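S.K.: Pasting a structure below so you can have a look.
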Amino acid sequence: MSSRPPESSPRVRAAPGSLTVKRRARSGVARTTRVTVLFVDLRGYTALAERLAPARIVPLLDEFFGVLARATAAHGGTVFHMAGDGMMAGFGGLDPTDEGAREGLAAGHAMLQLFATLATRWRNELSIETGIGVGLHLGEVAMGLLGPPGHKSITLVGDTVNVAARLCSRARAGEVLLSCTVAAAAALDIVGGERELYLGPIPVLHLPQFALRGRTAPLDIWCVPALERVAF
């Protein structure tokens, strides 16, 4: 995920259940829970920033983050971080049975669909190619306040966050990569063979294991495939 400083981003209204999680975190004591973490970032941002004046980029990012925030809120998630060209969100965590896998996957799929319309308009109006990649992982996280005095914000910390970020970086433009923990918790139904599955209308492919940078063991990975390839 990019380390560029934050750009303008829309104010996000979290789902009612997510607000409950935030109130607990404001106590100052980190709370451990199991959630589905989603990372998404914009592909083609470097070329976009090179071609356009900074003042023209701000409204584009505002549109971009608006699409991501709407998809997150529509599926009961909470946006924890927006910066540069990427976002982190969390799903579930209200109780031991609420791990947010189905909601996170549905939100990731919705982001692909909603951003496709935006990317088409940017291509037609600005002659730029863009896409998004999404990563999802379910596991234990610590939720707490971090940051300098007077500017602390609630965030998620732990290996689950790192894995979700790594999956996002590995996803091709237009793809969602999800770990085996998300696939298992989402109770995917097998259709047509062991590698072709569906979650409702969402097609999911089982990919060969591959190693993520910084982890000792390979991970089972699933993918919501891109409808079309965009090279970056």
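The values are calculated or read from the model by the stated rules, or taken from the named source; none is laboratory data. Bear in mind that the values here come from a model prediction, so they are computed numbers and not experimental data. Quick reminder, even Gly has a Cβ in these numbers, built from the backbone with ideal geometry, and neighbours come from all protein chains shown. These area figures cover heavy atoms from the full protein model, side chains too; ligands, DNA and RNA do not enter into them. Shrake-Rupley method; radii C 1.70, N 1.55, O 1.52, S 1.80 Å.
S.K.: Under the 0.36 nm per residue contour assumption, what length would be gained going from the current alpha-carbon distance of SER153 and GLU63 to full extension?
M.R.: 30.1 nm
S.K.: In addition: Short version: ³J(HN,Hα) in whole Hz for each residue of the range 74-89, in order, from phi by Karplus 6.51 cos²θ - 1.76 cosθ + 1.60 (θ = phi - 60°), x for Gly and Pro, what are they?
M.R.: In residue order, the calculated couplings are 4, 10, x, x, 10, 7, 9, 7, 10, 7, x, 10, x, 8, 10, 9 Hz.
S.K.: So what J values fall out for the range 139-152 if you push phi through Karplus, 6.51 cos²θ - 1.76 cosθ + 1.60 with θ = phi - 60°, rounded to Hz, Gly and Pro as x?
M.R.: For the range 139-152, the Karplus curve yields x, 7, 9, 9, 10, x, 8, 9, x, x, x, x, 9, 6 Hz.
S.K.: So, one more: Give the long-range amide H neighbours of HIS81: residues separated by 5 or more places, or on another chain, with amide H under 5 Å away, using H modelled in the peptide plane at 1.01 Å from N.
M.R.: MET88
S.K.: Amide H to amide H under 5 Å from ARG43: which residues, 5+ apart in sequence or cross-chain, H placed 1.01 Å off N in plane?
M.R.: Counting only residues 5 or more places away or on other chains, the set is GLY131, ILE132, GLY133.
S.K.: Taking the Cα centre of the range 96-160 as the origin, how large is its charge dipole in debye, to the nearest 20, when only Lys and Arg (+1) and Asp and Glu (-1) carry charge on their Cβ atoms? Don't skip to the answer; put the middle values down first.
M.R.: Numbers: 4 positive and 7 negative charges, 55 e Å.
The dipole magnitude comes to about 260 debye.
S.K.: Under the classification rounded if a/c is under 1.5, otherwise prolate if a/b is larger than b/c and oblate if not, where does the range 114-188 fall, given a ≥ b ≥ c as square roots of the Cα gyration tensor eigenvalues? Before the final figure, lay out each step's value.
M.R.: Details: a/c = 3.01, a/b = 1.37, b/c = 2.20.
Oblate.
S.K.: Separate question: Over the range 34-148, what is the relative contact order in percent, taking alpha-carbon pairs closer than 8 angstrom and at least six residues apart? Kindly include the intermediate steps, with their values, before the conclusion.
M.R.: Numbers: 165 pairs, mean separation 48.0, N = 115.
Over the range 34-148, the number comes to 42 percent.
S.K.: Protein chains only, probe 1.4 Å: how do CYS180, CYS168 rank by accessible area, largest first? Kindly include the intermediate steps, with their values, before the conclusion.
M.R.: Details: CYS180 45, CYS168 5 Å².
Ranked list, largest accessible area first: CYS180, CYS168.
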